[in-house]
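Here, each number is a calculation from the coordinates, and none is a lab measurement. The structure displayed is predicted, hence computed values, not measured ones.
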Amino acid sequence: SISLAGHNTNATKEGGEPNHASNAGGSSVWWRWTAPAAGSVILDTRGSVYDTTLGVYTGSSVSALTLV
């Protein structure tokens with residue numbers, strides 16, 4: 001089990017970035033992760049001090065993403 005934490009202070013929206021869950025939003029943080037093996041992963045925004053949207057995509061660039 002691995003746990004990672006991050007912050008989105010000073011985050012912005014990237015050019016060409018999709019609207020996650022049809023929400024235009026104003027800022028985002030991107031993580032790139034490749035699963036080391038088949039299995040499940042749990043992603044959450046627990047502990048955020050404001051409403052968040054979590055989007056999961058496949059693709060090699062922000063302008064060429066496919067929603068999972």
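Any chance you could list the semi-axes, whole Å, largest first, of the equivalent ellipsoid that the Cα gyration tensor gives for the chain, using √(5λ)? Mind showing how you got there, number by number?
On the way: eigenvalues 81, 61, 24 Å².
Square roots of five times the eigenvalues give 20, 18, 11 Å.
Before anything else, pin down the relative contact order of the chain: Cα pairs under 8 Å, at least 6 apart, normalised by residue count, whole percent.
So the answer I get is 27 percent.
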